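What follows is a structure written as structure tokens; I'll ask about it next.
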Amino acid sequence: MPRQNSAEVLVDESTLTSRGQTTIPAPIRKALRLGPADKLRFSLRADNTVVLSRSPEATSLDPVIGAFLDFIERDASARPERIGMIPDDLMARARDLTAGVDVDLGAPLDPEDE
């Protein structure tokens, strides 16, 4: 039965089969945005708890954005001194590119995007 406490955002249970398989409960799959062919990471902690997370190599919905974010992560790790404010001219370009685009952050997502 699902339960929650202050240290756990979402908790659910699943049964292990005789073949060592289980089903990840739907609320957990949804929270982690897991889909078919996504890779999972199991991390065993010293207190014998297991943390399930998306693998860093998980299938990305947009491989270009995933590759770009990987590049930024590598660059920031290798050259932390280069992290700084976004230059004014780049911010102006971003404002120009998004001018006239209306976004309602409170609107429900399309079911295909969830």
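Every number in this text was worked out from the coordinates using simple rules, so none of it is lab data. Predicted model only: the values in this text are computed from it and were never measured. Every residue, glycine as well, gets a Cβ built from its backbone with ideal geometry; the counts of neighbours run over all protein chains shown.
Using the C-alpha atoms of region 3-54, what convex hull volume per residue, in cubic angstrom, is computed? List each step's numbers first, then the result.
Values: hull volume 5.5 nm³, N = 52.
Spelled out: Cα convex hull of region 3-54, divided by residues, is 106 Å³.
Can you list residues from other chains, or at least 5 along the same chain, whose modelled amide H is less than 5 Å from the amide H of VAL11?
Amide H neighbours of VAL11, under 5 Å, 5+ apart: ARG3.
So, in nm, how far is label ASP96 from label ALA76 when the simple model puts each one 7 Å beyond its Cα toward the Cβ?
2.7 nm
Okay, next question. Determine, at each q value in 0.19, 0.24, 0.25, 0.28 (inverse angstroms), the log₁₀ of I(q)/I(0) that the Debye formula gives when each Cα of region 60-99 is one equal point scatterer.
For region 60-99, the Cα-only Debye profile gives -0.78, -0.90, -0.90, -0.88.
Also, quick follow-up: Which entry is the computed semi-axes √(5λ) of the Cα gyration tensor in Å for this structure: (i) 31, 18, 11; (ii) 36, 21, 15; (iii) 26, 14, 13?
Answer by label: (ii).
Rank the residues LEU44, LEU69 as a footprinting-exposure proxy: fewest other Cβ atoms within 10 Å of their Cβ go first. Provide the component values of the computation, followed by the final result.
On the way: LEU44 9, LEU69 12.
Fewest-to-most ranking of LEU44, LEU69: LEU44, LEU69.
Find me the longest stretch of the chain that has none of the exposed trypsin sites (Lys or Arg not before Pro), where exposed means in a DSSP loop (not H, G, I, E or B) with at most 16 other Cβ atoms within 10 Å. Working shown, then result.
Working: sites that count: ARG19, ARG33, LYS39, ARG45.
Here the longest segment lacking exposed loop sites spans 46-114.
Here is a further query. Quick check: the angle from helix 63-78's long axis to the longest principal axis of the chain, C-alpha only, nearest 10 degrees?
Between the helix axis and the principal axis of the chain, the angle is about 80 degrees.
Once Lys and Arg get +1 and Asp and Glu get -1 on their Cβ, which of LEU52, GLN21, ALA37 lies farthest toward the positive end of the dipole of region 3-54?
My answer, from the dipole projection, is ALA37.
Compute the long axis of helix 88-97 from its Cα atoms, compare it with the longest principal axis of the Cα atoms of the chain, and write down the angle in degrees, 0 to 90, nearest 10.
Helix 88-97 and the main axis of the chain meet at about 80 degrees.
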